[in-house]
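Presented below is the structure to which this report refers.
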Amino acid sequence: MRKIILYPVIGCLLAGGWWLYNNHDQFTSVVQQYVENGEVITLKARFTPEQIMESHKKELLVDNQHTFQEAGLKFHPYLIMEVKYFQPDQQSREGVILWSLIDGEMVLNTDTWDKTHGFEDAINAQATRNDFKLMQALAKNKGSTSIDRLQKDLQIEKETLQAWLNSALEKHLIVVRGNDVQLHFQDPKISVQPETKVNDWLVKKPFNHAQKVGSKYSNAQIQKIAKAAFGDDFTVRSVAEVYLPVYSIEVVNPDGSVLTSYWNALNGKRLAPRYAIPGW
């Protein structure tokens, strides 16, 4: 009798083990949803969705036939890194960098939320230190210059420069037109100091897993590209994951369609769709 009962139990355990082996990622995700529910460290929201809706009412509501829906809230992931680096005057400096794990760009100022442009391309291309030396030289010349000028600015041999150009060309970071070289992304902003101007406190906020937007880039990818960009003297002293609260504000049109816009809770400004849509 015991054997009759035991066999089905063993069969269930084996079947469960086989399911877990083949669905490990799914199981881990389910567990994380329960483990991670609790608190998250965020930049402090200065604005409520109601304040934003009131301030931008004329912009968002064309007339009284348009109405607001209840606003949503998501937390967008960033890395905050305590760093050391050398300035051009050879003075050592310590600072903090805030770097997006969604678009791969560095925040330059949390008040304006001004960001770099070009680091995401560099991450995807797995750009090296030499690639960055070339790109930064181009950036200082408004994104485009001659091969002769590049050689002079970089102070390297022609053969070395050609090797760097070939590498950047293969990675689609630059384009070459005759004797001219140009960065291959619009409005580049990569020649920056490795520091974010942060004027805000970090706070703990309650959240549920559904509010947390997933990362596109990893901690390791961000640190690797930062070191490639800022050189051997750049050091990450500590790193942590923090979040930016982002509101989604929906407006119902007279025909029943819904227009959704995304807003930075820190400065109350509208986010471009490419920075806001992931995870909604």
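The values are calculated or read from the model by the stated rules, or taken from the named source; none is laboratory data. Computed from a prediction, not measured in an experiment: that's the story for all the values here. Here the Cβ is made from the backbone with ideal geometry for all residues, glycine too, and neighbour counts use every protein chain on show. Heavy atoms of the whole protein, side chains included, go into the accessibility calculation; ligands, DNA and RNA do not. Shrake-Rupley method; radii C 1.70, N 1.55, O 1.52, S 1.80 Å.
Some values worked out for this structure:
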{"quantity": "FRET E, pair ASN130, LYS57, Förster distance 51 Å, beta-carbon r, rounded to 0.05", "calculated": "0.50"}
{"quantity": "Whole-percent carbon and sulfur share, accessible surface of the range 45-123, 1.4 Å", "calculated": "46"}
{"quantity": "Surrounding net charge for LYS171, when Lys and Arg each add one and Asp and Glu each subtract one, Cβ distance under 9 Å", "calculated": "-3"}
{"quantity": "Trypsin sites (Lys or Arg not before Pro) lying in DSSP loop within the range 86-162, provided at most 11 other Cβ fall within 10 Å", "calculated": "LYS142"}
{"quantity": "Linear extension gain, ASP111 paired with ASN208, 0.36 nm per residue minus alpha-carbon span", "calculated": "32.2 nm"}
{"quantity": "Calculated FRET efficiency for the pair LYS224/GLU159, C-beta based, R₀ 25 Å, to 0.05", "calculated": "0.40"}
{"quantity": "Whole-number accessible area per residue in Å² for the range 191-280, which is evaluated in the context of all protein chains at 1.4 Å", "calculated": "52"}
{"quantity": "Convex hull volume per residue in cubic angstrom - Cα atoms of the range 156-280", "calculated": "202"}
{"quantity": "Per-pair calculated FRET efficiency, R0 = 25 Å: ASP232 and GLN151 via Cβ, rounded to 0.05", "calculated": "0.65"}
{"quantity": "DSSP-assigned coil residues among chymotrypsin sites (Phe, Trp or Tyr not before Pro) in the range 136-236, each with at most 10 further Cβ atoms within 10 Å", "calculated": "TRP201"}
{"quantity": "Extension gain from ARG93 to ALA272, taking 0.36 nm per residue of separation minus the Cα-Cα distance", "calculated": "61.2 nm"}
{"quantity": "Distance histogram in 10 Å bins (all Cα pairs of the range 81-167, percent per bin)", "calculated": "14, 36, 36, 13, 0"}
